[in-house]
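Throughout, read-outs are computed from the coordinates displayed, never taken from laboratory work. What you are looking at is a predicted structure, and each value in this text was computed from that prediction instead of being measured. Ideal geometry is used to build each Cβ from the backbone, glycine not excepted, and the neighbour counts take in all protein chains shown.
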Amino acid sequence: MRNIIALVFVSLIAFSCSSDKKMGNMIVTGQIKGLKKGTLYLQKMKDTAIVSVDSLQLLGDDKFTLTDNVDSPVMYYLTFDGNTQPKKVMFFGEKGNITIEDNVENFGVNPTITGSVNQEVMNKFNEIDKQFKSKRLDFIAKDLEARSKNDSIKADSLAKAFDKLVRRRFLFATNFAISNKDSEAAPYIALTELANANLYLLDTINNSLSEKVKSSDYGKRLNKFVNEIKEAESKKAE
């Protein structure tokens, strides 16, 4: 009886806190099937650290509502139990209502995310990019096999083919970003997928961005990144 009263008391506190919570301009709702108990966190990068911007303790209910104020669309993370588990849902946060549906067993593997325009762009990119990642894994497996057999000719051939694959992926990512120059996902792709690409590709994306995207968080970061590379290369040339 005492345990039941305690549970009801905690539930009332949770309800009171959630009902009094001030909603930001981004509201994330959804359901994590099977997650009946634990704390769900909404997180994002701040400087170089991941910080929690909202959280919710789940007690017998796997549905949730989390919120934050978004100045510029950026990548968010949905985690649970204080991020003690490596699993997370990554999604592009932006103003408006976003819905996330997932399950606790395969958390973060294939969530359904709706309501974010930038996330739709990222989904299209990831759908094609996973083909490159699959081919990359094939190359690694074949390379390991060739090296185990001391087949240097095969290994050299695979290395050249792998370099071509990397260049094709860089070109794909560049063209994709340019084709989506009005999306904040474009500079994000450049920063995360093309950091090791040559300056020409990065500069091409940077110059193609719409004014709206240039003034966004990732747009400013990309511009700073490109200018730092230019400055470094200029010093080398002196």
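By how many nm would the segment from K63 to N198 lengthen if fully extended, with 0.36 nm per residue of separation less the alpha-carbon distance?
On the way: separation 135, 0.36 × 135 = 48.60 nm, distance 4.49 nm.
My answer for the length gained is 44.1 nm.
Rg and Dmax of the chain, using alpha carbons, in Å: what are they?
Computed over the Cα atoms of the chain, radius of gyration and Dmax are 22.3, 80 Å.
Expected output is a single nm value to one decimal: the length gained when fully extending between D182 and D138, i.e. 0.36 nm times separation in residues minus the C-alpha distance. What is it? Please list the in-between numbers first.
On the way: separation 44, 0.36 × 44 = 15.84 nm, distance 3.44 nm.
Gain in length upon complete extension: 12.4 nm.
Out of residues 5 or more away from L59 or on other chains, whose amide H comes under 5 Å of its own, with H placed 1.01 Å from N in the peptide plane?
Amide H neighbours of L59, under 5 Å, 5+ apart: none.
Can you find, among F172, N150, L199, the residue sitting farthest towards the positive end of the charge dipole of the stretch 119-237, where Lys and Arg contribute +1 and Asp and Glu -1 at Cβ?
N150
Work out which helices of the chain, taken as complete DSSP H runs, extend at least 20 Å along their axis over the Cα atoms and score a mean Kyte-Doolittle of -1.0 or more, then list them. Mind showing how you got there, number by number?
Numbers: long enough: 2-20 (27 Å, 1.39); 117-148 (47 Å, -0.93); 152-179 (40 Å, 0.21); 217-237 (30 Å, -1.36).
Helices meeting the span and hydropathy rule in the chain are 2-20, 117-148, 152-179.
Once you've got the Cα coordinates, tell me which of K88/K160; K88/K124; K95/K230 are over 30 Å apart.
K88/K160; K95/K230, as the Cα separations exceed 30 Å there.
Looking only at the chain, where both bridge partners belong to it, what percent of the DSSP beta bridges are antiparallel (to the nearest 5)? Spell out each step's value before the answer.
Values: 29 of 37 bridges.
Around 80 percent of the beta bridges assigned by DSSP in the chain are antiparallel ones.
Could you tell me, in Å, what Rg and Dmax come out for the Cα atoms of the stretch 77-172?
Looking at the stretch 77-172, its Cα Rg and Dmax stand at 18.7, 57 Å.
Counting other C-beta atoms within 10 Å, which of D182, D47, D54 has the fewest, and how do the rest follow?
Numbers: D182 15, D47 5, D54 18.
Fewest-to-most Cβ neighbours within 10 Å comes out as D47, D182, D54.
Using unit Cβ charges (K, R positive; D, E negative) and no other charged atoms, how large, in debye to the nearest 20, is the dipole of the chain about its Cα centre?
Working: 35 positive and 31 negative charges, 91 e Å.
Approximately 440 debye in magnitude.
Beyond 26 Å, what share of the Cα-Cα pairs of the stretch 119-237 remains, rounded to the nearest whole percent? Please report the intermediate quantities before stating the final value.
On the way: 2342 of 7021 pairs.
For the stretch 119-237, the fraction of Cα-Cα distances above 26 Å is 33 percent.
With a point put 7 Å past each Cα toward its Cβ, work out how far E211 is from S157 in nm, to one decimal.
According to this spin-label approximation, the distance is 5.5 nm.
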